[in-house]
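Before any comments, here is the structure.
The values are calculated or read from the model by the stated rules, or taken from the named source; none is laboratory data. Keep in mind that this is a model prediction, so the values were computed, not measured. Every residue, glycine as well, gets a Cβ built from its backbone with ideal geometry; the counts of neighbours run over all protein chains shown.
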Amino acid sequence: MRLKGKVILVFGLLLLSLGCRISSPTPVAWVPTATAQLRAQTETASAHAQATLTAQITKNPTATPTSPPPTPTIAEDGPWLVFANQAGTGYYAHDADSGTLIPLVLPPALDPLDLASGISPDGKRLLVRAGKLETLTDLGFYLIGDPWQPAEKITALLSEQLIADILAEKGKQPKMALQAVQQPNPVSWTANSRQAVIPLALEGFSSDLYLYDAQAGSLKRLSERFQQEFAPFWAPGQNWLVFQEVKSYATPDAWEISLVGAWKMPKQDTLRYLFVPKVTGYWEQYVGWMNPEELVSYTATETGGTDLRLSNLNTGKSVVQFYGAFNAVALYPVHGSLAVSVSSADGKISGRKPGIYISKSGGLLFYLLMEGDYTHLEFAPQVNHFVANGRSGVLQFDSSGIIARLEDEERVSFSPDGKWTIGWGANGARLYYADGMRLQNLTEQSVSAVIWQKDGKGIYLLEQDGLYQLRFPLLQRKLVTADVYRGSEQAFAWLTGH
């Protein structure tokens with residue numbers, strides 16, 4: 001959703017009604033996945049779709065679960081599937097083995113998509129934002145490690161002075177800082193899961209990047225640029241840290257991206273000014289890493305994306321690989337392949353034919369592989385192929401052409417070992433062998449998300465009337481809860497426990 005325009009007047013919302021709250025964002029279907037998840041997927045050669053953050057007002061929200069959780073048994077030690085309630089204001093953790101559903105104890109959630117970027121690579125820690133935006137109380141980052149224990153507040157999002165200035169409507173910069181710490185993809189974990197970078201506004205009137213050390217429980221301020229900084233993204237080797245910036249002092253009435261840059265880490269002795277998006281009212285979406293030094297990104301728009309870029313952090317040079325509008329992009333870094341989906345509407349803007357365009361030269365040259373309108377383009381690391389939905393079903397393909405076709409299916413989800421496939425969509429879900437042989441129907445209800453257990457021994461289906469768990473070998477549907485968030489299929493995370 002478009003971010004350009006006047007800064008949200010929090011105090012004005014307070015005057016409207018104390019019964020109203022700024023709820024978690026409404027996702028947009030085309031937008032790619034959150035930062036930490038993108039890194040994990042890049043390391044296993046994948047890229048998925050994710051949603052943007054937008055504030056909205058919701059009356060009479062569902063209360064956040066705050067009742068004490070049940071007492072665990074010795075056997076109830078996870079793994080847990082963490083997801084948001086229907087209103088997006090609280091979280092549950094479901095033990096995949098015992099079936100126990102635990103309401104997590106923490107203030108109201110700010111954005112259910114924090115689950116995508118907030119989970120550490122080893123699955124042992126989850127960082128999410130929570131607090132009450134209508135009163136600015138308890139706003140902070142909360143650490144979840146053991147669902148049986150209340151979440152730990154590791155830091156506030158805003159300083160006490162900023163909170164006072166926002167409530168007293170003293171200037172525009174405090175409100176800009178509040179907007180900055182609400183931006184999507186707020187957490188970027190290191191590969192060893194020991195540290196994470198997060199945006200906070202604790203000193204002065206701007207948001208800065210801070211390094212959180214999970215083992216030491218400490219915070220270190222990384223940036224002091226007096227701009228609104230957000231969207232941190234580690235390079236695979238943790239030798240570079242990418243970020244985005246809004247020069248709010250120069251444009252106090254509009255949210256406009258003024259820089260996508262990168263710090264050389266850990267000494268921060270080099271700052272790369274990579275580029276400024278042409279359409280500065282939107283934020284830059286990270287796709288993933290072509291290699292440890294080259295970042296693939298694009299500028300998000302209301303209908304998809306534009307200007308797919310390759311930025312070399314060592315040289316500081318950024319080149320647009322694919323000009324104009326498109327609705328999805330997927331990356332296969334092992335082969336240096338990129339696939340871009342252009343819709344008929346995109347083609348009218350750019351002058352291109354609709355279809356799947358692909359590059360097998362690191363994004364330097366694209367050619368039309370398949371003509372027509374396609375949706376749900378992504379890379380599936382389980383089978384090392386791109387997948388997309390066309391008129392006849394779901395296609396698996398690479399740079400040479402179509403590899404396989406699953407007819408009459410809208411979406412597919414592969415088991416972690418690639419031996420099983422689930423076809424799903426508005427007409428239910430079905431289980432297939434990897435070769436496409438159909439085994440059985442799983443449900444006739446409409447399915448909007450499929451989540452595999454990490455060990456491949458079970459499946460969760462987000463169906464029309466609730467979230468269901470199915471476990472091998474019987475695959476009998478068991479209702480987990482009807483109180484589940486439906487705004488994005490990315491709003492789920494696996495917490496493995498310590």
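Could you give me the residue pairs with C-beta distances under 7 Å whose first residue belongs to the stretch 224-253 and is farther than 17 Å from Gly171 by Cα, whose second residue is of a type in the set (Phe, Trp, Tyr) and in a loop (DSSP other than H, G, I, E, B) wherever it lies, and which are 6+ apart or on separate chains?
Ala231/Trp283; Gln244/Trp283
For the stretch 128-232, which strands (runs of 3 or more DSSP E) that fit wholly inside it have 3 or more residues that are closer than 24 Å to Leu81 by Cβ, within 24 Å of the chain's Cα centre (by Cα) and hydrophobic (A, V, I, L, M, F, W, C)?
Details: elements: 137-144, 152-156, 195-200, 208-213, 218-221.
Of the strands (runs of 3 or more DSSP E) lying wholly inside the stretch 128-232, those with at least 3 residues that are closer than 24 Å to Leu81 by Cβ, within 24 Å of the chain's Cα centre (by Cα) and hydrophobic (A, V, I, L, M, F, W, C) span 137-144.
Could you identify the single residue in Glu256, Glu224, Glu229 that is within 18 Å of Thr270 (Cα to Cα), modelled with pLDDT under 95 and touching a strand residue (DSSP E or B) at 6+ places or on another chain (Cβ under 7 Å)?
On the way: Glu256 fails: within 18 Å of Thr270 (Cα to Cα); Glu229 fails: modelled with pLDDT under 95.
Step by step, each of Glu256, Glu224, Glu229 is checked, and only Glu224 is within 18 Å of Thr270 (Cα to Cα), modelled with pLDDT under 95 and touching a strand residue (DSSP E or B) at 6+ places or on another chain (Cβ under 7 Å).
Would you be able to tell me the number of residues in the stretch 196-221 that are of a type outside the set (D, E, K, R), free of Cβ contacts under 8 Å to residues at least 40 places away in the same chain, over 20 Å from Leu259 (Cα atoms) and in contact with a strand residue (DSSP E or B) (Cβ under 8 Å, 6 or more places away or on another chain)?
Residues meeting the conditions: 2.
Given the conditions (1) more than 20 Å from the chain's Cα centre (by Cα); (2) touching a residue at least 40 places away in the same chain (Cβ under 8 Å); (3) surrounded by fewer than 20 Cβ atoms within 10 Å (Cβ to Cβ), which single one is not true for Ser258?
(2)
Just name the residue that is farthest from Arg430 (Cα to Cα) out of those in the stretch 452-479 that are of a type outside the set (Ser, Thr, Tyr) and buried (at least 21 other Cβ atoms within 10 Å of the Cβ). Break it down into steps so the answer makes sense when it comes.
Of the stretch 452-479, the ones of a type outside the set (Ser, Thr, Tyr) are 452-459, 461-467, 469-479.
Narrowing the set further to residues that are buried (at least 21 other Cβ atoms within 10 Å of the Cβ) leaves 459, 461-463, 467.
Numbers: Ile459: 12, Leu461: 11, Leu462: 14, Glu463: 13, Leu467: 16 Å.
In this case the residue turns out to be Leu467.
Mind listing whichever residues of the stretch 471-481 are within 15 Å of Val447 (Cβ to Cβ) and either in a loop (DSSP other than H, G, I, E, B) or not hydrophobic (A, V, I, L, M, F, W, C) (or both)? First the steps, then the outcome.
First, the residues of the stretch 471-481 that are within 15 Å of Val447 (Cβ to Cβ): 475, 477, 479-480.
Those that are within 15 Å of Val447 (Cβ to Cβ) and either in a loop (DSSP other than H, G, I, E, B) or not hydrophobic (A, V, I, L, M, F, W, C) (or both): Leu475, Arg477.
Criterion first (within 22 Å of Gly497 (Cβ to Cβ) and either surrounded by fewer than 24 Cβ atoms within 10 Å (Cβ to Cβ) or free of Cβ contacts under 8 Å to residues at least 12 places away in the same chain (or both)) does Pro121 satisfy it?
Numbers: within 22 Å of Gly497 (Cβ to Cβ): yes; either surrounded by fewer than 24 Cβ atoms within 10 Å (Cβ to Cβ) or free of Cβ contacts under 8 Å to residues at least 12 places away in the same chain (or both): yes.
Answer is yes for this residue.
Being surrounded by fewer than 16 Cβ atoms within 10 Å (Cβ to Cβ), within 17 Å of Phe379 (Cβ to Cβ) and not assigned by TED's automatic domain parsing to the domain that holds Phe233 is true for just one of Val334, Val329, Val340, Val296. Which residue is that?
Values: Val329 fails: surrounded by fewer than 16 Cβ atoms within 10 Å (Cβ to Cβ); Val340 fails: surrounded by fewer than 16 Cβ atoms within 10 Å (Cβ to Cβ); Val296 fails: surrounded by fewer than 16 Cβ atoms within 10 Å (Cβ to Cβ).
Only one candidate qualifies: Val334.
So which strands (runs of 3 or more DSSP E) stay within the stretch 372-463 end to end and still have 3 or more residues that are more than 27 Å from Arg352 (Cα to Cα)? Break it down into steps so the answer makes sense when it comes.
Values: elements: 375-380, 385-390, 393-398, 401-407, 411-414, 420-425, 428-433, 438-443, 447-452, 458-463.
In the stretch 372-463, 411-414, 420-425, 428-433, 438-443, 447-452, 458-463 are the strands (runs of 3 or more DSSP E) which contain 3 or more residues that are more than 27 Å from Arg352 (Cα to Cα).
When residues of the stretch 351-371 are filtered for being among the aromatic types (Phe, Trp, Tyr) and not in a strand (DSSP E or B), how many remain? Spell out how you get there, then give the answer.
Residues of the stretch 351-371 that are among the aromatic types (Phe, Trp, Tyr), as a first pass: 357, 366-367.
Keeping just the survivors that are not in a strand (DSSP E or B) gives 366.
Here the count works out to 1.
Taking Tyr374 as the residue in question, decide whether it is within 27 Å of the chain's Cα centre (by Cα), not assigned by TED's automatic domain parsing to the domain that holds Leu442 and not β-branched (Val, Ile, Thr). Write out each step before concluding.
On the way: within 27 Å of the chain's Cα centre (by Cα): yes; not assigned by TED's automatic domain parsing to the domain that holds Leu442: yes; not β-branched (Val, Ile, Thr): yes.
Here the answer is yes, as Tyr374 does meet what is asked.
Is it the case, given these coordinates, that Trp263 is in contact (Cβ under 8 Å) with a residue 24 or more places away in the chain, in contact with a Lys or Arg (Cβ under 9 Å, 6 or more places away or on another chain) and assigned to a loop (DSSP other than H, G, I, E, B)?
Details: in contact (Cβ under 8 Å) with a residue 24 or more places away in the chain: yes; in contact with a Lys or Arg (Cβ under 9 Å, 6 or more places away or on another chain): yes; assigned to a loop (DSSP other than H, G, I, E, B): no.
Considered against the rule, which asks whether it is in contact (Cβ under 8 Å) with a residue 24 or more places away in the chain, in contact with a Lys or Arg (Cβ under 9 Å, 6 or more places away or on another chain) and assigned to a loop (DSSP other than H, G, I, E, B), Trp263 comes out as no.
It is to be established whether one or more residues within the stretch 403-420 are touching a Ser or Thr at 6+ places or on another chain (Cβ under 7 Å) and among the small types (Gly, Ala, Ser).
The answer is no; no qualifying residue exists.
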